[in-house]
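Visitor: So that we are looking at the same thing, I have put the structure below in structure tokens.
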Amino acid sequence: MYPGAIAPSIFLGCEVHLSMFSSSPRSPMVKTIIEPFRIKSVEPIRRTTVQQRQRLLEQAGYNLFLVSSDAILIDLLTDSGTAAMSTEQWAAMMRGDESYAGSPSFERFRAAVQNIFGFRHIIPTHQGRAAERILFSVMCGKGSIVPNNTHFDTTRANCEFVGASAVDLPIPEARQPSLLHPFKGNMETMPLAELIEREGRERVPLVMLTVTNNSGGGQPVSMDNIKTVKKICSRHSIPLYIDACRFAENAYFIKLRESGYAEKTPLEIAREIFSYADGCTMSAKKDGLVNIGGFLATNDDSLAQQEKNLLILTEGFPTYGGLAGRDLEAIAVGLNEALDEDYLSYRIASTAYLGEHISREGVPIVQPPGGHAIYIDARAFLPHISPAQFPGVALAAELYVEGGIRSVEIGTLMFGAHATMDLVRLAIPRRVYTQSHIDYVVEVILEVWHRRAHIRGFEIAYEAPFLRHFTARFRPLSPART
Ligand SMILES: Cc1ncc(COP(=O)(O)O)c(C=O)c1O
């Protein structure tokens, strides 16, 4: 059991520790965690045969980004922008006021964001990376250094685009996939302090913390770590910014695993997280439960003015920032729904359920299961395929051919020679799939696991000069299925 944790693991349909749910409306005798919604509108998914999928994959050069989503049965490519919206969100969209300036939809959006995040200035953007671009353009320049627990790839790219260096400072435990640690998303604080001392405060215009840490396996950051990072920043008058995409999932992990938080609501925990920050960037496509949208927030009046000026240049007027009024309404509702405890217990349980059911059969995954995704360790899954032969690409291809599941390689294809791991990420869209969909995914993974020795690697047939994973094409080194 994790230190300070209340429950070691939770599963849909299986036994859970009821102390977690003292404020739950469930009867104490009923242990099953259910999807906390019923389905009003359905979207058919198309079945294909193994032979059809083999042909489609071959036509796509074995790159799942190049397969039409019509031919995907269960799409676990990303949890970003793929959530199912609620009846309340669809109803709110009808209230959307599309006025260019001064829309009441913006007022409702700002009130909802301020109620949770508490920052003085809320600047809407079309998605997270637009907030990042504006933030780094205003705060950083050539020679700046931006430390983070782990920069997401768009964060790193936007940082480097303005000439700054993006420095990752994850705790060492984060680099060992099978190691259990309750807050593997934490930042290593001693090297942060040393970096600021060494480089000087002038070179570090801000420090960032990504909650949860997506590139580090969707792992949470503890409140204790956030407070320590804040203390170091305050000592040098450096602002702390939070990359808040999965703030609600992170808040719930704190409730489950950090002592002193079991009785607090996710909203109270989220407010405490942001009370230590000077601003944040947010992609609402994750814990905003919407298909598009984001924002940049700050307490600094002068920065906010410069940020709004840049916003007008490329995103739009500060009361809509590249979004429609109806999008702002949907975010205002979604942010609160993401903090609902019943939703969060189902969300974290359903991701853990997938991880637990494959790892108990021996499938190597990044432990413990993260909030939004399960990461299979493809190097350990396919030890006979060297990193140069793309074990992650080979495994993702097999999952598609076997069962129509789309996942994404995060390893040698994505990062080239810098890759320290070859992972296959199975990201779970919010409120989209039911337990039987996940049971199907488990069955497919185990089928592939049992015949893993026959899976072969790939070589590259085409690659673009940058971000090659989106468009690369491959040749199998020998028949992909035996
Ligand atoms: C941690 C993190 N930061 C930033 C982003 C960028 O957000 P967007 O895709 O909305 O631009 C993402 C998207 O996946 C993310 O996971």
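Visitor: Counting only residues that are surrounded by fewer than 20 Cβ atoms within 10 Å (Cβ to Cβ), among the small types (Gly, Ala, Ser) and more than 20 Å from the chain's Cα centre (by Cα), how many does the range 394-438 have?
Guide: Of the residues in the range 394-438, 4 are surrounded by fewer than 20 Cβ atoms within 10 Å (Cβ to Cβ), among the small types (Gly, Ala, Ser) and more than 20 Å from the chain's Cα centre (by Cα).
Visitor: Given (1) among the small types (Gly, Ala, Ser); (2) over 23 Å from GLU409 (Cα atoms); (3) modelled with pLDDT under 95, identify the lone condition not met by SER222.
Guide: Every condition holds for SER222 apart from (3).
Visitor: For a quick check of your reading of the model, give me the residue pairs whose first member lies in the range 31-54 and is of a type in the set (Phe, Trp, Tyr), whose second is assigned to a loop (DSSP other than H, G, I, E, B) and open to solvent by less than 70 Å² (accessible area, probe 1.4 Å), with beta-carbon atoms closer than 8 Å and at least 6 apart or on different chains.
Guide: These pairs meet every condition: PHE37/SER86; PHE37/ARG431.
Visitor: Give the residue that is farthest from the ligand (Cβ to nearest atom), with candidates limited to residues of the range 112-121 that are open to solvent by less than 20 Å² (accessible area, probe 1.4 Å) and either farther than 17 Å from ASP287 by Cα or in contact with a Cys (Cβ under 8 Å, 6 or more places away or on another chain) (or both).
Guide: PHE119
Visitor: Among the listed residues GLY371, GLY355, identify the single one that is in a loop (DSSP other than H, G, I, E, B) and either closer than 11 Å to LEU423 by Cα or touching a Pro at 6+ places or on another chain (Cβ under 8 Å) (or both).
Guide: Among GLY371, GLY355, only GLY371 is in a loop (DSSP other than H, G, I, E, B) and either closer than 11 Å to LEU423 by Cα or touching a Pro at 6+ places or on another chain (Cβ under 8 Å) (or both).
Visitor: Still on this model: With respect to the numbered conditions (1) surrounded by fewer than 24 Cβ atoms within 10 Å (Cβ to Cβ); (2) over 19 Å from the mean Cα position of the chain (by Cα), which one is the sole condition not fulfilled by VAL229?
Guide: (1)
Visitor: Hey, any hits in the range 321-342 for a residue that's surrounded by fewer than 21 Cβ atoms within 10 Å (Cβ to Cβ), in contact with a helix residue (DSSP H, G or I) (Cβ under 8 Å, 6 or more places away or on another chain) and farther than 20 Å from ASP79 by Cβ?
Guide: The answer is yes, given that some residue of the range 321-342 is surrounded by fewer than 21 Cβ atoms within 10 Å (Cβ to Cβ), in contact with a helix residue (DSSP H, G or I) (Cβ under 8 Å, 6 or more places away or on another chain) and farther than 20 Å from ASP79 by Cβ.
Visitor: Against the definition (of a type in the set (Phe, Trp, Tyr), under 30 Å from THR87 (Cβ atoms) and not in a loop (DSSP other than H, G, I, E, B)), how does TYR433 come out, yes or no?
Guide: When the stated conditions are applied, TYR433 does not pass them.
Visitor: Of the residues that make up the range 219-237, is at least one at positive phi and not aliphatic (A, V, I, L, M)?
Guide: Yes, because at least one residue in the range 219-237 is at positive phi and not aliphatic (A, V, I, L, M).
Visitor: Could we say that ASP243 is in contact with a Phe, Trp or Tyr (Cβ under 9 Å, 6 or more places away or on another chain), more than 12 Å from the ligand (Cβ to nearest atom) and charged (D, E, K, R) here?
Guide: no
Conditions tested, residue by residue: (1) farther than 13 Å from ALA472 by Cβ; (2) of a type in the set (S, T, N, Q); (3) in a helix (DSSP H, G or I).
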| position | (1), (2), (3) |
| --- | --- |
| GLU398 | yes, no, yes |
| VAL401 | yes, no, yes |
| GLY416 | no, no, yes |
| THR420 | yes, yes, no |
| PRO429 | yes, no, no |
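Visitor: Applying the selection to the range 265-318, what residues are more than 20 Å from the chain's Cα centre (by Cα), buried (at least 20 other Cβ atoms within 10 Å of the Cβ), outside any loop (DSSP other than H, G, I, E, B) and within 16 Å of the ligand (Cβ to nearest atom)?
Guide: LEU311
Visitor: Oh, and also: Would you mention how many residues in the range 366-389 are touching a residue at least 12 places away in the same chain (Cβ under 8 Å) and open to solvent by 10 Å² or more (accessible area, probe 1.4 Å)?
Guide: So the count comes out to 11.
Visitor: Still on this structure, I have one more. Within the set of pairs 6 or more residues apart or between chains, which connect a residue that is closer than 10 Å to ASN186 by Cα inside the range 162-174 to a residue that is in a loop (DSSP other than H, G, I, E, B) and of a type in the set (S, T, N, Q) with Cβ atoms less than 6 Å apart?
Guide: Short answer, once both residue conditions are applied: PRO170/ASN149; PRO170/THR150; ILE171/ASN186.
Visitor: Please work out if ASN186 is open to solvent by less than 10 Å² (accessible area, probe 1.4 Å), under 22 Å from the mean Cα position of the chain (by Cα) and farther than 21 Å from LEU303 by Cβ.
Guide: no
Visitor: Against the definition (within 12 Å of the ligand (Cβ to nearest atom) and either outside any helix (DSSP H, G or I) or in contact (Cβ under 8 Å) with a residue 60 or more places away in the chain (or both)), how does HIS151 come out, yes or no?
Guide: yes
Visitor: If only one of ALA277, ALA297, ALA304, ALA244 is under 22 Å from SER137 (Cβ atoms) and in contact with a Gly (Cβ under 7 Å, 6 or more places away or on another chain), which one is it?
Guide: ALA297
Visitor: Okay, next question. Is it fair to say SER165 is open to solvent by 20 Å² or more (accessible area, probe 1.4 Å), within 16 Å of the ligand (Cβ to nearest atom), under 21 Å from CYS233 (Cα atoms) and among the small types (Gly, Ala, Ser)?
Guide: For SER165, the condition - open to solvent by 20 Å² or more (accessible area, probe 1.4 Å), within 16 Å of the ligand (Cβ to nearest atom), under 21 Å from CYS233 (Cα atoms) and among the small types (Gly, Ala, Ser) - is not met.
Visitor: Further, regarding this structure: Evaluate the range 465-473: report whether one residue or more is in contact (Cβ under 8 Å) with a residue 24 or more places away in the chain and crowded, with 19+ Cβ neighbours inside 10 Å.
Guide: Yes: one or more hits.
Visitor: Check ASP79 against each of (1) away from the ligand (no atom under 16 Å from the Cβ); (2) open to solvent by less than 50 Å² (accessible area, probe 1.4 Å); (3) under 24 Å from LYS285 (Cα atoms) and name the one condition it does not meet.
Guide: Just one mismatch for ASP79, condition (1).
Visitor: Taking MET208 as meeting all but one of (1) surrounded by fewer than 20 Cβ atoms within 10 Å (Cβ to Cβ); (2) in contact (Cβ under 8 Å) with a residue 24 or more places away in the chain, write down the number of the exception.
Guide: All conditions are met except number (1).
Visitor: Within the range 440-458, does at least one residue satisfy the condition of being part of a strand (DSSP E or B), in contact (Cβ under 8 Å) with a residue 12 or more places away in the chain and surrounded by 15 or more Cβ atoms within 10 Å (Cβ to Cβ)?
Guide: Looking through the range 440-458, at least one residue is part of a strand (DSSP E or B), in contact (Cβ under 8 Å) with a residue 12 or more places away in the chain and surrounded by 15 or more Cβ atoms within 10 Å (Cβ to Cβ).
The values are calculated or read from the model by the stated rules, or taken from the named source; none is laboratory data. Since this is a predicted model, take the numbers as computed values, not measurements. In this analysis, Cβ positions are derived from the backbone assuming ideal geometry, glycine residues included, and neighbour counts consider all displayed protein chains. Heavy atoms of the whole protein, side chains included, go into the accessibility calculation; ligands, DNA and RNA do not. Shrake-Rupley method; radii C 1.70, N 1.55, O 1.52, S 1.80 Å.
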